[in-house]
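See below for the structure under consideration.
The values are calculated or read from the model by the stated rules, or taken from the named source; none is laboratory data. This structure is a prediction, so every number in the text was calculated from the model and none was measured. Methodologically, a virtual Cβ is constructed for each residue, glycine included, from the backbone with ideal geometry; neighbour enumeration extends over all protein chains shown.
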Amino acid sequence: MRIFVPKERSDGETRVAASPDTIKKLIGRGAEIIIESGAGEGSRIPDAAFRAGGASIGDAAGAASADVILKVQRPTGEELQTYSRGTVVLAMMDPFGHDDALRAMAETGIMAFAMELMPRITRAQVMDVLSSQANLAGYRAVIDAAHEFDRAFPMMMTAAGTVPAARVFVMGAGVAGLQAIATARRLGAVVTATDVRPAAKEQVESLGAKFIAVEDDEFKAAETAGGYAKEMSKAYQAKQAELVASHIAKQDIVITTALIPGRPAPRLVSRAMVESMRSGSLLVDLAVERGGNVEGAVAGKIVDAGPARIIGHANVPGRVAASASLLYAKNLSAFLETMIATESGALAIDFDDALVAATLLTRDGKVVHPQFAADSG
Ligand code: NAD
């Protein structure tokens, strides 16, 4: 089985889909690995480190003869032209709302797997790319805020006077939000948080933050069987907005992480709320690439918004590239290992496996995933 790991082509993508550790593991399972020269540069993994792990270093042409291609982002149209029929491609495919891209992948005959559709069950925890990347994004959001903030995070009582602790409000307490809470607490901030899932309340409180939410009947029922947030009614959104509006006016830093799978990010912070903040306040919008939680946020930019600034860095996990690649590579290799026959080391995909069924987007020229097939097939 031949595995190819390309250098990512998308602008600003610093991550790579393999690490010296994961290639060693896969070689141990009988694989031959070719890494495109420079693939690890953005994550500080030199070609020599991959070579020392047992991989060969090649160029982009390696894609054509690969049985498996490991990637961070969905292949571009140009990349697809170099892929062969039947090749297995594992990546974060960003499938929602991208029917044309799914069709293009289907037409090349590849087997495209979307890692972000991995079920959140115990067996697949090690393959959970959403968690591994969101965790680092939550951490980095606080570091980015601390870097831009003109005041200190911890309270400092000095002979020259007292510096108050920064007040940080985290909106959305999933994987990213909980890590943001923990990181802001470690830096000494006074932290509050909100979420529409009732289960989040206890998790927020266990990290030493205060929970802020309208806790009505809709809130108590607001969680899907998969543990994700539901889109809330307009009435709930209005009540919640009123509560958070008065809260935001008293905050120094707001970090938003709210997402709903397959839908645009909910708008949580209006321009008026931003305007109500004190001079020098900051908002970090981790959902900016999915439409944004904060009105006025721009992906890839820090924008001035009256008294505050809105930080809208794109690809936040890529701002901690070495750590993000390490974990992402492990997520991929763990999944790929389930597809390798023990004796022969050949690719042996069990299409009845729940993990395969949940993530396989395209096969034999068609979009086969039930969630996307009707729109795109
Ligand atoms: P996510 O990235 O989809 O969304 C981030 C957070 O935003 C979520 O907590 C969501 O409830 C919240 N949110 C959505 N709309 C909101 C709104 N209008 N206002 C405020 N908050 C809003 O979430 P995630 O981090 O991927 O976590 C989703 C769920 O999956 C959680 O229940 C989490 O505990 C669970 N999870 C399970 C596993 C596992 O079992 N292996 C692993 C990771 C996460």
Check your understanding: Out of all the residues in the stretch 284-332, which are closer than 28 Å to Leu70 by Cα and part of a loop (DSSP other than H, G, I, E, B)?
Key -> Leu286, Ala287, Gly291, Ala299, Gly300, His313, Ala314, Asn315, Val316
Practice item. Could you check Ala272 against (1) under 20 Å from Ala146 (Cα atoms); (2) surrounded by fewer than 23 Cβ atoms within 10 Å (Cβ to Cβ) and say which number it fails? Key: (1)
Exercise for review: Quick one: in the stretch 111-132, of everything that is more than 10 Å from the ligand (Cβ to nearest atom) and within 13 Å of Lys330 (Cβ to Cβ), which residue is nearest to the chain's Cα centre (by Cα)?
Suggested key: Val129
Review point. Within the bounds of the stretch 88-102, is there any residue that is more than 24 Å from the chain's Cα centre (by Cα) and charged (D, E, K, R)?
Key: no
Exercise for review: Look at the stretch 206-257 and say how many of its residues are hydroxyl-bearing (Ser, Thr, Tyr), part of a loop (DSSP other than H, G, I, E, B) and buried (at least 20 other Cβ atoms within 10 Å of the Cβ).
Suggested key: 1
Practice item. Say whether the condition of being farther than 28 Å from Val316 by Cβ and free of Cβ contacts under 8 Å to residues at least 60 places away in the same chain is met by at least one residue in the stretch 40-47. Key: no
Study note, to complete from the structure: Log entry, pairs with first residue in the stretch 172-190 being within 16 Å of the ligand (Cβ to nearest atom), second being among the aromatic types (Phe, Trp, Tyr) and modelled with pLDDT of 95 or more, beta carbons closer than 6 Å, six or more apart or on different chains, reads Gln179/Tyr139; Thr183/Tyr139
Point to revise | Options Glu79, Glu13: the member that is in contact (Cβ under 8 Å) with a residue 60 or more places away in the chain, out of contact with any strand residue (DSSP E or B) (no Cβ under 8 Å at 6 or more places or on another chain) and acidic (Asp, Glu) | key: Glu79
Practice item. Taking the options Ala49, Ala61, Ala91, name whichever one is in a helix (DSSP H, G or I), touching a helix residue (DSSP H, G or I) at 6+ places or on another chain (Cβ under 8 Å) and among the aliphatic types (A, V, I, L, M). Key: Ala49
Review point. Right, Gly306: more than 22 Å from the chain's Cα centre (by Cα) and small (Gly, Ala, Ser) or not?
Key: yes
